[in-house]
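Just below is one structure, and these are the notes that go with it.
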Amino acid sequence: NAALGFAGALALTHNAKIEELVRVNTLSPIVLTKYVVRAMMADGAGRIVNVASIAGLRGGSGVSAYAATKASMLGFTRSLAREVGQLGITVNAVAPGVLETEMTHGLSDGQRQQIARRSALHRLAGVDDVADAVEFLLSDKARNISGTVLTVDAGATA
C-alpha cells in the first residue's frame, strides 16, 4: 500500500502534484508488484492485495486526480488477477471509505457526523476493519477469491 492524497480543484493543481500522485499511488505499486509477483510465479502461489479507495469507485469533488489513481489500481487488480490466476496467485483489492483516523479527527465533530450519517451503518469504519479485510484476503479462506474489490466503508457506497 502506498498512498498520497490531497483535495483541491484539478484546474488549480500544479502538474508536479498530479505527477507525484500518479507516481506514489499508481506507478510505485505496479512496479513493486512486478518484482514481487516473479517470486510468486516461481513458487506457484501467492496473494496480492492492493489498497484502493471508494473514491476510485465513485469519485468525489475536489479529488479527481486522487480518484483516478485509485481507479487505476482497481483496473490493475482485475487485470493482474486474470494474468496470474492460472499460476495460483490471487489478486484482490480493498477500497476503504473515510476512516476513523488521526486525519479525520482533524475534521470538526459536525463534519465527521455528516460523513457518518451518509453511511448505511451511520459510523466510520476503522483502520482495524481495513486490516481485517486484508488479513482475510491473504488467508486460505479467500483462496477462491480473485479479481475482487472489497469495500470497507460502513456502507457508504451501499
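How many nm separate the modelled label positions at residue 105 and residue 35, each set 7 Å beyond the Cα in the direction of the Cβ?
3.5 nm
Which of the aspartates and glutamates could a cross-linker bridge to residue 34, judged by Cα under 17 Å and excluding same-chain residues fewer than eight apart?
Excluding near neighbours in sequence, the set is 43, 83.
Can you sort 40, 73 by solvent-accessible area, 1.4 Å probe, largest first?
Highest to lowest solvent-accessible surface, that is 40, 73.
What accessible surface, in Å², does a 1.4 Å probe find on residue 140, ignoring ligands, DNA and RNA and rounding to the nearest 10?
Accessible area of residue 140: about 110 Å².
Would you rank 35, 66 by solvent-accessible area, highest first, keeping every protein chain in place and using a 1.4 Å probe?
35, 66
Please calculate the 1.4 Å probe accessible area of residue 30, with all protein chains present, and give it to the nearest 10 Å².
The accessible area of residue 30 comes to roughly 60 Å².
Would you list, by chain and number, the aspartates and glutamates whose Cα falls below 18 Å from the Cα of residue 141, excluding same-chain residues fewer than 8 positions away?
Cross-link targets: 129, 132.
Read phi for every residue in the range 81-92 and hand back ³J(HN,Hα) as whole Hz from Karplus 6.51 cos²θ - 1.76 cosθ + 1.60, θ = phi - 60°, with x for Gly and Pro.
4, 6, 5, 10, x, 5, 9, x, 10, 9, 9, 9
Using 7 Å Cα-to-Cβ label points, what is the residue 120/residue 132 separation (nm, one decimal)?
Result for the modelled spin labels: 1.6 nm.
For 153, 128, write out the residues from largest to smallest accessible area, computed with a 1.4 angstrom probe and no ligands counted.
Output order, biggest surface exposure first: 128, 153.
Once the piece of chain linking residue 158 and residue 22 is laid out straight, how much longer is it, given 0.36 nm per residue of separation minus the C-alpha distance between them?
Value of the extension gain: 46.2 nm.
With each run of n ≥ 4 DSSP H residues scored as -39500 (n - 2.57), what mean residue ellipticity at 222 nm is computed for the chain after dividing by its residue count and rounding to the nearest 500 deg cm²/dmol?
Helix-only estimate at 222 nm: -13500 deg cm²/dmol.
Enter the accessible area of residue 99 (Å², nearest 10), with the probe set to 1.4 Å and all protein chains included.
Number for this one is 30 Å².
In percent, what relative contact order does the chain have, based on Cα pairs under 8 Å that are 6 or more apart in sequence?
After rounding, I find 25 percent.
What are the GluC sites (Glu not before Pro) within the range 86-158 that DSSP puts in a loop, where the Cβ has at most 14 other Cβ atoms within 10 Å?
Here the GluC sites (Glu not before Pro) that fit, given the DSSP loop and packing criteria, are 102.
For the chain, treating each Cα as an identical point scatterer without solvent, what Debye log10 I(q)/I(0) comes out at q = 0.18 1/Å?
-1.12
Before I look further, what does the chain give for accessible area per residue, probe 1.4 Å, in whole square angstrom?
About 58 Å² of surface per residue is accessible.
Quickly work out the residue 144-to-residue 15 label distance, labels modelled 7 Å from Cα along the C-beta direction, and quote it in nm with one decimal.
Here the answer is 5.1 nm between the modelled labels.
The values are calculated or read from the model by the stated rules, or taken from the named source; none is laboratory data. Predicted model only: the values in this text are computed from it and were never measured. All Cβ positions, even for glycine, are placed from backbone atoms using ideal geometry, and neighbour counts span all protein chains on display. Protein only, heavy atoms only, side chains kept; ligands, DNA and RNA dropped before computing areas. Shrake-Rupley method; radii C 1.70, N 1.55, O 1.52, S 1.80 Å.
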